[in-house]
Structure formats: C-alpha cells, structure tokens
Amino acid sequence: GQQVMQIPQYQHVQEGEDFTTYCNSSTTLSNIQWYKQRPGGHPVFLIQLVKSGEVKKQKRLTFQFGEAKKNSSLHITATQTTDVGTYFCAGPGGTASKLTFGTGTRLQVTL
Amino acid sequence: NAGVTQTPKFQVLKTGQSMTLQCAQDMNHNSMYWYRQDPGMGLRLIYYSASEGTTDKGEVPNGYNVSRLNKREFSLRLESAAPSQTSVYFCASSELGTSAPLHFGNGTRLTVT
C-alpha cells in the first residue's frame, strides 16, 4: 500500500531559527495537504498543493510540491513559539476517498 | 457552528467491554472518517464513508465496526475492547473525498485496561 514518510521525526530549534520538514510518498499524488496539530489538540488544515512544482506561502510558511508529485516540503522562516506542534503531510491513499497521513514532524521551539 | 463533534472526550474500558464513539458534523459534508493516533505512528485510517450509505475499510479496521447513520453522523464501535486499542480517536469530515480539506473533531482519548 501507499506509504508517506516524513523527516525528521523531531526537531528542536531556538526561536528565530528556520525549520524544514520533508514529505515523501511511495506513489505519485494528485494533491498533497499539510496539517498542524498543537500539543493536546486535533489536526488543523493548513494548505493544499495540486500542481507539479507548486509553491505557496502563508506568512512565514512556505510549502512546495515536487516536480514528480511524490514529495513536498514545509519551510518555516524565523520560528516562533507559536509554531510548536506536529506537522503532517497527507495525500490520497489509493482511492479518491481516503487520505493517508505521513508520520509527522514534531517541532519544539525554545526561547 | 460546531463543526465536528465527538463524544465522549475520555473513556476507560476494561478488556472485553464494548462501546460506541459518536461523531456528528454540521457542515453538510459528504465524506467522514475515523482515524486513530498513537505515539510515533501518526494518524492511521480505521474506516471511512465516502458518502451517505457507504462505508469502507481503511488501514487498520480489525476490531472495529462503523455505521453511517445519516449524512451528519458516523459512529465507531468497539465490540470487544483490547489493550491494543488504547489510543486517541479522531473523527473527521470533508466535502467530498480527498480533494477537500479534512475537518477534525477534538478527539476521544480511550484507555483499555
């Protein structure tokens, strides 16, 4: 079955440093979504990428979809303590009806 | 506008007991999902319902059953709970399939002793 892996599993940064998480799928994806889950909370949708090579920005967050549509990345510039949480990528898992989540990257930011 | 509502928030069961997790959405979404989340394992799909009247197995369906009661409600049943089912369970909904974002409930933290 489809597998979606993310690296790193965990990253600890000082506030102000940059952060990047990478997502790799075993199959080509029609789209990829990113979610953020705060500690003790539920996943919250951030963005969806559809086109090959697409780049989207949300303030300090930059999302990229690979040319082959099998990988994606999320880059945060100048992290803040409010960025703490686990970031998941997710893509259609075999059918158009179900979403397979990556393993997640947990980000810890300290002052 | 409540979004996706899950009940209960917490539950402790003994091995062999049964229970039903309830989920309701008020966004008129067609698709609904049940995921479980375990440390280091991310979110794993248990069952989903692409539209009212249909249900399908996800990655980890063993030990669970679901019912799509109507367009709003999608319940998850554990017939005979096992310690391996200790987890956080999330219900989610989307307008239609994976082309639309998932909206998650607040989760149910289940412990099976």
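Derivation of every value follows stated rules applied to the coordinates shown; laboratory data play no part. None of these values were measured; they are calculated from a predicted model. As a convention, Cβ positions derive from the backbone with ideal geometry for all residues, glycine included, and neighbour counts pool all protein chains shown.
Quick check on chain A: what are the equivalent-ellipsoid semi-axes from the Cα gyration tensor, as sqrt(5λ), descending, whole Å?
Each semi-axis is the square root of five times an eigenvalue, giving 23, 15, 11 Å.
Taking 7 Å along the Cα-to-C-beta vector as the label spot, tell me the A:VAL13-A:LYS56 distance in nanometres, rounded to one decimal.
Distance between the two pseudo-spin positions: 2.0 nm.
Decide, for the protein assembly as shown, between rounded, prolate and oblate: order the square roots of the alpha carbon gyration tensor eigenvalues as a ≥ b ≥ c, take rounded if a/c falls under 1.5, and otherwise choose prolate if a/b is larger than b/c, else oblate.
Cα axes put the protein assembly as shown in the prolate bin.
Where is the GNM fluctuation largest for chain B (alpha-carbon springs, 10 angstrom cutoff): B:SER67, B:SER99, B:SER51?
So, out of B:SER67, B:SER99, B:SER51, the one fluctuating most is B:SER99.
Across segment B:84-96, in residue order, what do the Karplus-derived ³J(HN,Hα) couplings come to in whole Hz, using 6.51 cos²θ - 1.76 cosθ + 1.60 with θ = phi - 60° and x for Gly and Pro?
5, 8, 4, 5, 9, 10, 10, 9, 9, 9, 8, 4, 6
Once you've got the GNM for chain A with C-alpha springs shorter than 10 Å, pick whichever of A:GLY40, A:GLY91, A:GLY66 has the biggest mean-square fluctuation.
Maximum among the listed residues: A:GLY40.
In whole Å, what is the distance between the alpha-carbon centres of segment A:54-85 and segment B:34-81?
30 Å
Would you work out which of A:ASN31, A:GLY41, A:THR62 lies farthest towards the positive end of the dipole of chain A? Charges go on Cβ: Lys and Arg +1, Asp and Glu -1.
Of A:ASN31, A:GLY41, A:THR62, it is A:ASN31.
Which residue, chosen from B:VAL60, A:ILE7, A:GLY91, occupies the Cα position most advanced towards the positive end of the dipole of the protein assembly as shown, where the dipole is computed from +1 (Lys, Arg) and -1 (Asp, Glu) charges on Cβ about the Cα centre?
B:VAL60
How large, in Å, is segment B:1-81 by the Kirkwood hydrodynamic radius built from its alpha-carbon pairs?
Computed over Cα pairs of segment B:1-81, the Kirkwood hydrodynamic radius comes out at 13.3 Å.
Using a 10 angstrom cutoff on alpha carbons, build the Gaussian network for chain B and name the most mobile of B:LYS14, B:LYS57, B:LYS71.
B:LYS14
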